Amino acid sequence: MKNAHLSYFPKGELCQLKNSKFHQPRNLPLLDQDLNFLPCSVAVSKGSESEMKEFCEPGGELPVIAAKKRRATSEHIAGITLSDLAKNFGVPITEASRNLNVGLTVLKRKCREFGIHRWPHRKIKSIDGLIRDLQEEAKHREDDHKALMAVTKRQMMLQNERESIERTPFRELEIETKRFRQDVFRRKHKARALESQSSSV
């Protein structure tokens, strides 16, 4: 029963089927190129040179592979000071690592040496947002001298706190600044709720 499906073929044709279909050729073709490298980055043979031009740059020249970026030297890492870090506190830590030409892990290690356990970008960004809100509020209260003086005083306090965070980035925000920030968030939330109600009506 196992060879019942082969009984339909004569013996001669069965031998040909065995030789052609069921037996794969053992001699596989050898490749002219190492598959571990890109096609245009290796030297090509004369026969395949015309075929390789299709994958290369216009003009038939082989493209130059960009050199791998080297690691920062120990002298460069040791030369990074707190003032160098402070210049980049206003941007995220990934962008700061690119500006300083060091890796992210190296920058975090350098921050721990200066006692910075958390990159202060979010603190400074929050203070900058509060300062912008005060500037807009000062434009609306130009007629009220007393309110304008209070807004200007608050803005100077926030500016001084921002500078102190740049000098000592491990310090937390002042309690008064946190309360003022919560008050600003509450007012913005109420304004958005009123806008949504008026638009729905």
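The values are calculated or read from the model by the stated rules, or taken from the named source; none is laboratory data. This is a predicted model, so every value here is computed, not measured. Quick reminder, even Gly has a Cβ in these numbers, built from the backbone with ideal geometry, and neighbours come from all protein chains shown.
Can you tell me which residues in segment 78-100 are surrounded by 15 or more Cβ atoms within 10 Å (Cβ to Cβ) and not in a helix (DSSP H, G or I)?
Correct list: Ile80, Asn88, Phe89, Gly90, Val91, Leu100.
Name the single residue that is surrounded by the fewest Cβ atoms within 10 Å (Cβ to Cβ) among those in segment 126-158 being under 17 Å from Glu174 (Cα atoms) and of a type in the set (D, E, K, R).
The selected residue is Lys153.
Please go through segment 66-118 and give me each residue that is hydroxyl-bearing (Ser, Thr, Tyr) and in contact with a helix residue (DSSP H, G or I) (Cβ under 7 Å, 6 or more places away or on another chain), ordered by number.
Hits for segment 66-118 are Thr94, Ser97.
Scan segment 162-183 and give yes if some residue there is assigned to a helix (DSSP H, G or I) and farther than 30 Å from Ala86 by Cβ, otherwise no.
Here is the first cut: in segment 162-183, the ones assigned to a helix (DSSP H, G or I) are 162-167, 175-183.
Imposing the further condition that a residue be farther than 30 Å from Ala86 by Cβ reduces the set to none.
So far as segment 162-183 goes, no, none of its residues is assigned to a helix (DSSP H, G or I) and farther than 30 Å from Ala86 by Cβ.
Working only within segment 80-95, note down all residues that are closer than 16 Å to Ser126 by Cα and among the polar types (S, T, N, Q).
The one that is closer than 16 Å to Ser126 by Cα and among the polar types (S, T, N, Q): Asn88.
In segment 165-201, what residues are among the polar types (S, T, N, Q) and closer than 22 Å to His121 by Cβ? Before the answer, list the steps.
Looking only at segment 165-201, we keep the residues that are among the polar types (S, T, N, Q), and these are 168, 177, 182, 196-200.
Scanning segment 165-201 gives Thr168, Thr177, Gln182.
What is the one condition in (1) surrounded by fewer than 14 Cβ atoms within 10 Å (Cβ to Cβ); (2) closer than 26 Å to Pro92 by Cα; (3) hydroxyl-bearing (Ser, Thr, Tyr) that Thr177 does not satisfy?
(1)
Could we say that Glu136 is of a type in the set (D, E, K, R) and outside the structural domain of Phe180 (by TED's automatic domain parsing) here? Even if it seems obvious, please write down each step before you answer.
Numbers: of a type in the set (D, E, K, R): yes; outside the structural domain of Phe180 (by TED's automatic domain parsing): no.
Here the answer is no, as Glu136 does not meet what is asked.
Could you tell me which residue of segment 113-128 is nearest to Ile77 (Cα to Cα), considering only residues that are within 22 Å of the chain's Cα centre (by Cα) and in a helix (DSSP H, G or I)?
His121
List the pairs whose first member sits in segment 119-148 and is closer than 30 Å to Leu104 by Cβ, whose second member is part of a helix (DSSP H, G or I) and among the acidic types (Asp, Glu), and whose Cβ atoms are under 7 Å apart, counting only residues at least 6 apart or on separate chains?
Short answer, once both residue conditions are applied: Ile127/Glu161.
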